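One structure is given below, encoded as structure tokens.
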Amino acid sequence: MSYDHATVPENGERVRYDETTEELTIPDNPIVPLLYGDGIGVDVAPAAKQVLQAAAEATGRHVEWMRVSAGERAREEYGENLPEETVEAIRDFRVALKGPLTTPVGAGFRSLNVALRQKLDLYANVRPTYYLEGVPSPVKAPQEMDMVTFRENTEDVYAGIEWEAGTEDGEQVRTFLEEEMDAEGIHEGPVGIGIKPITEFGTKRLVREAIDYALENDRDSVTLIHKGNIMKYTEGQFRDWGYEVAQEEYGEAVITEDTLWEERDGEQPEDTLVVNDRIADNMLQQLLTRTAEYDVLAMPNLNGDYLSDAAGAQIGGLGIAPGANFGEGRVLAEPVHGSAPKYAGQDKVNPTAMILSGRLLFEYLGWEDAADLIGEAVEQTIASKYVTYDLHRQIEGGEKVSTSEYAERVAETIEDLA
Ligand code: NAP
């Protein structure tokens, strides 16, 4: 397609995906759409770009970044929040990196992040949560945290099917529920109503993705996290469909926790993955109290939102935590944190989360050598106590540096290591 505002780099090549073989073809000079995002996006995106390019070049490659917009910049350029050509660029070039986008609370437009995930059918939000040596953490043994969360990205209460209190539509839905569906318990007066769809299709493809990942990466378990004791037909169903995938599609490679205890006395055979389930509130405690026992977690959208942030706190917080959204043959990597508007443009915040999100993108491209360099360089930089304000306030004797100084040091370290 032709682009009105974005410019397709002349020299790069596109990443291709064959739907039949499900294989990607990765050039050494891929075109990668880059969305800076709102707020601190202008700080962390250029920093990440510098570090990622250093790692690409150190391993004989070059990324051709293609700047695209959403949020504030798109309102200025296109007069809308999420221009079709931004969505199209990400769809077309298959791999992309984005910074945070602001979402107004209560009134105003719907989340652009949610819209992007839905429009591109990026159904799995994946966040590897692992400890980097030297990062200050609020817990005693942060190194025990090594989990990967798989959050369903397209349904649940995030589907956006909701009606505002006091509107005609809202009242119609209420009347329908009370008079035709025998719904009870809605208090008198204005009511906001939302719908929570959890489908077999959405659940199974997410759980499949989590199990495939666990098997490929020699993980020990996949835990289905739900609130099925209360929401039986949505969250309970998530658990049941999740077990169905585990039991029907993987033969002996996957066993359930019940089988493990009933037939094998709790002894997990090597090369076998155990699938278990936990109720979400209990799991939020277990993240802290039995951290080392958990591995890959799969859950519906809202549980995933809460739980992945809580897990991120244990390894040092939002400045560190990376993420990526996966669809079929495509990925959109993005940090867990938001746009932190009060720090925007101050060259102050921590770009590590954005850098490590780019690292996930490189792993998706199969650039393991470049990804390792990034991990190593970030770890060395933090271990030398050369850190941004957020880590500096928790580290004794550290040197407080700006976003760009930190990125510069990480990029130099990559060159030294290569
Ligand atoms: P936030 O932007 O993540 O910021 C909350 C706090 O986290 C900041 O005040 C700061 O804490 C710390 N923080 C975040 N990023 C950091 C970084 N890179 N380095 C150091 N510290 C960092 O969360 P929010 O204030 O709840 O949300 C602001 C906006 O972002 C909202 O509009 C929200 O909807 C949006 N959001 C977008 C995404 C996304 O694009 N995927 C995700 C989450 C939120 P201190 O002040 O304590 O230093």
**OP:** Report yes if some residue within segment 61-80 is modelled with pLDDT of 95 or more, hydroxyl-bearing (Ser, Thr, Tyr) and within 29 Å of Ala340 (Cβ to Cβ); otherwise report no.
**Re:** yes
Original post:
So, of the residues in segment 118-174 that are in a strand (DSSP E or B) and of a type in the set (D, E, K, R), which turns out to be farthest from Glu396 (Cα to Cα)?
Top reply: Glu162
**OP:** Could you tell me whether segment 358-379 includes any residue that is within 16 Å of the ligand (Cβ to nearest atom), β-branched (Val, Ile, Thr), under 24 Å from Val148 (Cα atoms) and touching a Ser or Thr at 6+ places or on another chain (Cβ under 8 Å)?
**Re:** yes
Original post:
Could you list, in sequence order, the residues of segment 251-268 that are on the phi < 0 side of the Ramachandran plot and open to solvent by 40 Å² or more (accessible area, probe 1.4 Å)?
Top reply: Glu252, Glu257, Asp258, Trp261, Glu262, Glu263, Arg264, Glu267, Gln268
Subject >> Failed criterion for His392 (all others in (1) more than 10 Å from the ligand (Cβ to nearest atom); (2) in contact (Cβ under 8 Å) with a residue 24 or more places away in the chain hold) >> reply: (2)
Original post:
Out of Leu391, Leu373, Leu360, which single residue is under 18 Å from Leu122 (Cβ atoms) and not in a loop (DSSP other than H, G, I, E, B)?
Top reply: Leu360
**OP:** Specify the residue that is least open to solvent (accessible area, probe 1.4 Å); the eligible residues are those in segment 2-18 that are of a type in the set (Asp, Glu) and within 19 Å of His62 (Cβ to Cβ).
**Re:** Glu13
Original post:
Out of all the residues in segment 201-220, which are out of contact with any Phe, Trp or Tyr (no Cβ under 8 Å at 6 or more places or on another chain) and closer than 13 Å to Asn153 by Cα?
Top reply: Phe201
**OP:** Working only within segment 345-357, note down all residues that are assigned to a loop (DSSP other than H, G, I, E, B), more than 10 Å from the ligand (Cβ to nearest atom) and not acidic (Asp, Glu).
**Re:** Gly345, Gln346
Original post:
Right, Tyr131: under 17 Å from the mean Cα position of the chain (by Cα), of a type in the set (Ser, Thr, Tyr), over 30 Å from Pro27 (Cα atoms) and away from the ligand (no atom under 11 Å from the Cβ) or not?
Top reply: yes
Original post:
In this structure, is Gln143 touching a residue at least 12 places away in the same chain (Cβ under 8 Å), within 16 Å of the ligand (Cβ to nearest atom) and open to solvent by 50 Å² or more (accessible area, probe 1.4 Å)?
Top reply: no
**OP:** Determine the pairs where a residue that is farther than 18 Å from Ser339 by Cβ, located within segment 351-363, has a partner that is near the ligand (Cβ under 10 Å from one of its atoms) and of a type in the set (Val, Ile, Thr) with Cβ atoms under 7 Å apart, the partner being 6 or more residues away or on another chain.
**Re:** none
**OP:** Working carefully through the options Asn282, Asn350, find the one that is of a type in the set (S, T, N, Q), modelled with pLDDT of 95 or more and either within 13 Å of the chain's Cα centre (by Cα) or surrounded by fewer than 18 Cβ atoms within 10 Å (Cβ to Cβ) (or both).
**Re:** Asn282
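The values are calculated or read from the model by the stated rules, or taken from the named source; none is laboratory data. Computed from a prediction, not measured in an experiment: that's the story for all the values here. Every residue, glycine among them, receives a Cβ derived from its backbone with ideal geometry; neighbour counts consider all protein chains shown. Side chains included, ligands, DNA and RNA excluded: accessible areas come from the protein's heavy atoms. Shrake-Rupley method; radii C 1.70, N 1.55, O 1.52, S 1.80 Å.
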